[in-house]
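Structure first, then comments.
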Amino acid sequence: MSVNGSSVKRVAILGGNGFTGGELYRLLKRHPYFKVDFVSSESKEGLPLDKFFVSSARQKRADGGKFQKLAALDGHYDFIFSCLPTGVLPRHIDHIAEHAEYVINVSGDYRLNDQELLRQHYPESLSHPAQGGSHYFIPEFSDINLEAKVVNLPGCMAVATIYTLFPLLAANLIEPRVISDAKTGSSGGGKASTEHHAERAHNFRPYKVHGHRHRPEIEFALQEHLERSVELQFSVHSLDLPRGILVTSYSLLKEHASEIDVKKAFYGAYAAKPFVHYFNSKNGSYSYPMIKTTAGTNYAEVGAYVEGRNCVSIASIDNLIKGAAGQAIQAANLYSGIAEEAGLQFELEGAWP
Ligand SMILES: NC(=O)C1=CN([C@@H]2O[C@H](COP(=O)(O)OP(=O)(O)OC[C@H]3O[C@@H](n4cnc5c(N)ncnc54)[C@H](OP(=O)(O)O)[C@@H]3O)[C@@H](O)[C@H]2O)C=CC1
Ligand SMILES: CC(=O)N[C@@H](CCC(=O)OP(=O)(O)O)C(=O)O
């Protein structure tokens, strides 16, 4: 089957009833070259997809299929997007991998390769290794590895933090000791989150001051891509809003580094990246990344601000789109050899306020 000379790819979504799976379905419905032929849910089996999802419930004709159980996965798919809870994909990896050209995974399973860290954070990845191999893939910075069956996207707070630090480390502008703090909306915890509205509403609180599994992931990603070791201190906080992540990173410039060097590093890193917007002037109506202008889009906003040797770099993203479903589609686009932006530019960009 082909559209405009490009072959349409068959895709599946596992965990479609969840926040990231539902967002992926919403975005893939509009994708010109990907056709969703299977969506799994263990609790919604048999329900019509287009009546279940808010994003398609208003359309007059339900043209999607029905939820099926994961066990019903059969046939061959160019991409199987896994939006299963952490620890579930590994338990089914052999069954899933035999039906996929590539598994595009948004959970943390298989992201790390350090045995001790896997034991601590992702034990199921240890007990059920991905036979066809796995590859950590940041759409803006990683090379494609066609040999690895499982393509792992970064965690949502991890990728936002990486956007704040990658240019500085690539240009060797900062000392290795860095402090990053992440603020995230409630949808980051998934539909299964047990947090009560009364606990979260009108509140802003730390929820992991130390020990978040994204810290070793960020250090690993920067080491693997840049061969730069970072001593990262990482704390995360909960915001009273449903979508959005804002990460603020604090670093110390090396003696030789200047504000111009920082601006050049960020401009150079992101000028050709369609979904990372770098604020390099104060001409706009606002000069700092913020959640309101990225929530609902696949854009990351990034900024870097220098005072003396102190560098503050900031990134904001929508955790469900650029932090999960959107970056997963970017990866599939790149693996398909089609435009990275395919299916990801939304008609209502830039709504304000
Ligand atoms: N939320 C976010 O912002 C981000 C989340 N992630 C990661 O992506 C993954 C999914 O997150 P999210 O969508 O928020 O999670 P949700 O809890 O919202 O969704 C998980 C989905 O998996 C299904 N599921 C649950 N248990 C099983 C099981 N044992 N077997 C098969 N299916 C199961 C659930 O529905 P049903 O029971 O009907 O099958 C649900 O559809 C997680 O690993 C998360 O850490 C990554 C980036 C961002
Ligand atoms: C608010 C909230 O709970 N966020 C999740 C991060 C979501 C995510 O990115 O998890 P993965 O690492 O599995 O991809 C957390 O802090 O664990």
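Looking across 51, 66, one residue alone is within 15 Å of ligand 1 (Cβ to nearest atom), farther than 27 Å from residue 323 by Cβ and of a type outside the set (Gly, Ala, Ser). It is 66. Selection of the stretch 139-172 for residues being over 20 Å from residue 300 (Cβ atoms) and assigned by TED's automatic domain parsing to the domain that holds residue 253 yields only 172. Only one entry of 183, 208, 191 meets the criterion of being in contact with a Leu (Cβ under 8 Å, 6 or more places away or on another chain) and not assigned by TED's automatic domain parsing to the domain that holds residue 135, and that entry is 183. Count, please, the residues in the stretch 101-111 that happen to be in contact with an Asp or Glu (Cβ under 8 Å, 6 or more places away or on another chain) and either among the hydroxyl-bearing types (Ser, Thr, Tyr) or surrounded by 24 or more Cβ atoms within 10 Å (Cβ to Cβ) (or both). Residues flagged as in contact with an Asp or Glu (Cβ under 8 Å, 6 or more places away or on another chain) and either among the hydroxyl-bearing types (Ser, Thr, Tyr) or surrounded by 24 or more Cβ atoms within 10 Å (Cβ to Cβ) (or both) within the stretch 101-111 amount to 3.
Condition test on residue 24, is it under 21 Å from the mean Cα position of the chain (by Cα), of a type outside the set (Phe, Trp, Tyr) and modelled with pLDDT of 95 or more?
yes
Any idea which residue in the stretch 191-234 is farthest from ligand 1 (Cβ to nearest atom), counting only those that are surrounded by 13 or more Cβ atoms within 10 Å (Cβ to Cβ) and more than 26 Å from residue 116 (Cβ to Cβ)? Among residues in the stretch 191-234 that are surrounded by 13 or more Cβ atoms within 10 Å (Cβ to Cβ) and more than 26 Å from residue 116 (Cβ to Cβ), the one farthest from ligand 1 (Cβ to nearest atom) is 200. Among the residues of the stretch 132-164, just one is within 16 Å of ligand 1 (Cβ to nearest atom), farther than 21 Å from residue 212 by Cβ and of a type in the set (Ser, Thr, Tyr), namely 134. Taking every residue in the stretch 185-204 that is on the phi > 0 side of the Ramachandran plot and pairing it with any residue that is more than 7 Å from ligand 1 (Cβ to nearest atom) and modelled with pLDDT of 95 or more, at least 6 positions away or on another chain, the pairs with Cβ-Cβ distances below 8 Å are 202/240. Evaluate the stretch 165-172: report whether one residue or more is surrounded by fewer than 23 Cβ atoms within 10 Å (Cβ to Cβ) and within 16 Å of ligand 1 (Cβ to nearest atom). Scanning the stretch 165-172, I find no residue that is surrounded by fewer than 23 Cβ atoms within 10 Å (Cβ to Cβ) and within 16 Å of ligand 1 (Cβ to nearest atom), so the answer is no.
Here is a yes/no grid of residues against (1) of a type in the set (Ser, Thr, Tyr); (2) within 16 Å of ligand 1 (Cβ to nearest atom); (3) within 19 Å of residue 167 (Cβ to Cβ):
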| position | (1), (2), (3) |
| --- | --- |
| 270 | yes, no, yes |
| 274 | no, no, yes |
| 278 | yes, no, yes |
| 287 | yes, no, yes |
| 302 | no, no, yes |
| 306 | no, no, yes |
| 311 | no, no, yes |
| 316 | yes, yes, yes |
| 322 | no, yes, yes |
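The values are calculated or read from the model by the stated rules, or taken from the named source; none is laboratory data. Just so it is clear, the structure is predicted and the values come from calculations on it, not from any experiment. Cβ coordinates were reconstructed from backbone atoms using ideal geometry, including for glycine residues, and neighbour counts include every protein chain displayed.
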